[in-house]
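> Here it is, the structure in full.
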Amino acid sequence: MKVLVTPTSFRSKTNTKAIEKLKGFADEIVFNESGKPLTAKDLQEMLKGCDGYIAGLDFIDEVALESADDLKVISRYGAGYDRVNMKAANEKGIIVTNTPGSNATAVADLAFGLILSVARRIPMLDASTKSGEWIRSTGMELSGKTLGIMGLGAIGKNVAQRAKGFSMKVLAYDPFMDEEYAKANDIIPSDLDELISNSDVISLHLPLNDKTKDIISYKEFASMKEKVILINTSRGGLINEEASVEYLKNGKLGGLGLDAFEEEPTSSYAKFRFDNVVLTPHTGAHTFEATENMANMAVDNLIDVLSGADCRYIINKQVKEN
């Protein structure tokens, strides 16, 4: 039994139990030594002879899977699976799994950290104070403001809980709205246009697909409130980056916090050099607790599939149903 493991944080000390469990199951484990997501060409070679694959943020297309004739399962280390070509996986009979909810607390913490950082210009003030300056910057209070959450899944729900602690009104858009949860937690279900035009802060927690690509673009920016704060800790591609830069320049966009980019690692950081922009390197899930949770779930999913046991988190079924 041969397994490829590519998440860059999977070899940390917090994942020891998961690695030991995997070593006890697999005869051979190949790790990603590059320190970054793998290309399709890299994967094409490395997946040869592999029975299982624990996948990080690699782009897994038909080229990557071309030589994966022995591959039976792609176990995603995380909840998102937009970087997996499901059609190619299905055609080769490869089961795809994920780890929903494993990093919800971590990503929600970062999302709210970005909201606070942008609202009070914390990184800019930190840098200026360390350089010897003593400036005054007028920020925005969150209390009484409206937070629009796009995507009320596990992460979106955690963000909503944090917003309530700051006395914010919460609107939520989700194509599969959990009405019962929204009602019980004083969250107002909204359509997309209503949320965009009425929110002081917007936080994105949607998957990236054909329907959500550029879901925030020129039209949406034009209908937003003045000085709205926009946060994306989900996937690059949800926000049209060129449109966001235009609205930062004209002053309508009050601030931007990005943990996800159209290209990763991003080479577009230079265009976001504004005092009201905070950038982080897709690090939302990188806490000791979240990496351990994701590792354990990813290993369990892989072992369940390869050993013929029942696996709760098979994505192929969901894609067919939806």
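The values are calculated or read from the model by the stated rules, or taken from the named source; none is laboratory data. As the structure is a prediction and not an experimental result, all values here were calculated from the model. All Cβ positions, even for glycine, are placed from backbone atoms using ideal geometry, and neighbour counts span all protein chains on display. Accessible surface is based on the protein model in full, side chains and every heavy atom, while ligands, DNA and RNA are left aside. Shrake-Rupley method; radii C 1.70, N 1.55, O 1.52, S 1.80 Å.
> Which whole-number percent gives the relative contact order of segment 195-297, counting Cα pairs below 8 Å spaced six or more residues apart?
Numbers: 150 pairs, mean separation 24.6, N = 103.
Taking the mean separation of contacting Cα pairs over the length of segment 195-297, I get 24 percent.
> What angle, in degrees between 0 and 90 and rounded to the nearest 10, separates the Cα long axis of helix 288-306 from the longest principal axis of the Cα atoms of the chain?
Approximately 30 degrees, to the nearest 10.
> Now a separate question. Take the residue pairs LYS183/LYS252; LYS23/LYS213; LYS164/LYS252; LYS219/LYS249; LYS23/LYS211; LYS48/LYS211 and return only those whose Cα atoms are more than 28 Å apart.
LYS183/LYS252; LYS23/LYS213; LYS23/LYS211; LYS48/LYS211
> So, with +1 on the Cβ of K and R and -1 on the Cβ of D and E, and no other charges, what is the size of the charge dipole of segment 209-255 about its Cα centre, to the nearest 20 debye?
On the way: 8 positive and 7 negative charges, 31 e Å.
Approximately 140 debye in magnitude.
> For the Cα atoms of the chain, what angle does the longest principal axis make with the long axis of helix 154-165, in degrees from 0 to 90, nearest 10?
30
> Given labels modelled 7 Å from the Cα in the Cβ direction, how far is it in nm from ARG312 to ASP126?
Here the answer is 3.6 nm between the modelled labels.
> Among THR8, ALA55, VAL245, whose Cα sits farthest toward the positive end of the charge dipole of the chain (+1 at Cβ of Lys/Arg, -1 at Cβ of Asp/Glu, about the Cα centre)?
Towards the positive end, the residue furthest out is VAL245.
> Carbon-plus-sulfur fraction of the accessible area of segment 166-318, 1.4 Å probe, in percent?
Details: 3620 of 7280 Å².
Carbon and sulfur atoms account for 50 percent of the accessible area of segment 166-318.
> On to the next question. Could you give the angle, 0 to 90 degrees to the nearest 10, between helix 104-119's Cα long axis and the longest principal axis of the Cα atoms of the chain?
30
> Over what distance in Å are the Cα centres of segment 78-128 and segment 49-75 separated?
Cα centroid of segment 78-128 versus Cα centroid of segment 49-75: 21 Å apart.
> Got the relative contact order for segment 78-177 handy, in percent, Cα pairs under 8 Å and 6 or more residues apart? Let's see the in-between values first.
Details: 97 pairs, mean separation 24.8, N = 100.
Taking the mean separation of contacting Cα pairs over the length of segment 78-177, I get 25 percent.
> Put +1 on the Cβ of every Lys and Arg and -1 on every Asp and Glu Cβ in segment 212-267; which of SER234, PHE261, TYR218 then has its Cα farthest towards the positive end of the dipole?
TYR218
> At a Cα cut-off below 13 Å, give the aspartates and glutamates reachable from LYS157, other chains included and same-chain residues fewer than 8 away excluded.
Qualifying aspartates and glutamates at Cα under 13 Å: ASP109, ASP174, ASP178, GLU179, GLU180, ASP186.
> Now, a different point. Run the helix sum for the chain: -39,500 (n - 2.57) per DSSP H stretch of 4+ residues, divided by residue count, reported at 222 nm to the nearest 500 deg cm²/dmol.
Working: 12 runs with 114 residues, N = 322.
Here the helix-only value at 222 nm equals -10000 deg cm²/dmol.
> Report the charge-dipole magnitude of segment 174-322 in Debye, nearest 20, computed about the Cα centre from +1 at each Lys and Arg Cβ and -1 at each Asp and Glu Cβ.
On the way: 14 positive and 27 negative charges, 90 e Å.
About 440 debye.
> Please get the size of the charge dipole for the chain, origin at its Cα centre, with Cβ charges of +1 on Lys and Arg and -1 on Asp and Glu, quoted in debye to the nearest 20. Working shown, then result.
Working: 37 positive and 46 negative charges, 174 e Å.
Computed about the Cα centre, the dipole is about 840 debye.
> Of PHE274, CYS311, VAL299, whose Cα points farthest to the positive end of the dipole of segment 239-322 (charges on the beta-carbon: +1 Lys, Arg; -1 Asp, Glu; origin at the Cα centre)?
PHE274
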